[in-house]
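Student: If you scroll down you'll find the structure; I have some questions about it.
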Amino acid sequence: MGGLNYDVVITAENSATAVIAAVPVASTTSTVVVSTSAAPISLAAAATADRTISGIASLNPVSSTEVAYVTAKQSFAAGPTVAIKYQGADVTTGAYTLSLPTVAPQLAPYSATLPLVFATQTTTTPGTGKYKLEASANGYTTLSILSVDISVANQTAVNFALIP
């Protein structure tokens, strides 16, 4: 099996997201070191607390075996598009809530030399404090909302109705 590159996303409450781009993984059993106790990854503290995006992701027709997932994504001007956070909707109500940072994320290219050097990034789609939301479920058509803005306030009633 040939190696693949992965983007590693690191999140914590009230902190900027950190992304390590293009981490090479040689096989399913290999390990890649991205930090050590001597060279830790420290997430930048956010000046404001995380805000939320919430709503309903419903399946039509209703399914007894599938669940809807909602994913918040950001694209970097000089890097990858990554999923910052995702959550399965409540199986009965379809309700979901994502708590997300309002500050610009940080990006570091992978390097075997530690510590990794992170730089604050401009996100191109949709922008700092803004997220592209996708709702999906097996057997249903994926739906997207290009820009949900939490830079000023929480966003509620961000709803999806998934159909086959």
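Each value in this text was obtained by applying a stated rule to the coordinates, not by laboratory testing. Here the structure is a predicted model, which is why all the values come from computation and not from measurement. Glycine gets a Cβ as well: all are built from the backbone with ideal geometry, and neighbour counts include every protein chain shown.
Student: For T48 and V25, FRET efficiency with R0 = 45 Å and r from the beta-carbon atoms, rounded to 0.05?
Tutor: Working: r = 35 Å, r/R0 = 0.77.
The calculated FRET efficiency here is 0.80.
Student: Quick check on the chain: take the gyration tensor over C-alpha atoms, sort the square-rooted eigenvalues as a ≥ b ≥ c, and tell me if it's rounded (a/c under 1.5), prolate or oblate. Present the calculation step by step, with values, prior to reporting the outcome.
Tutor: Values: a/c = 2.31, a/b = 1.46, b/c = 1.58.
It comes out oblate by the Cα gyration axes.
Student: Now, a different point. Compare the Cα positions of P115, I84, A157 along the charge dipole of the stretch 1-160 (+1 at Cβ of Lys, Arg; -1 at Cβ of Asp, Glu; about the Cα centre) and return the one farthest towards the positive end.
Tutor: Going by the charge dipole, the pick is P115.
Student: Which of Q121, Q87, Q74 moves the most in a Gaussian network model of the chain with Cα springs under 10 Å?
Tutor: Highest fluctuation of the listed residues: Q87.
Student: Still on this structure, please answer the following. Obtain the nm distance between the two label points defined at V62 and A119 by a simple spin-label model: each point lies 7 Å from its Cα along the Cα-to-C-beta direction.
Tutor: Inter-label distance under the simple model: 5.2 nm.
Student: Any idea what Rg and Dmax come out to for the stretch 102-164 if you just take the C-alpha atoms, in Å?
Tutor: Cα only, the stretch 102-164: 16.2, 47 Å (Rg, Dmax).
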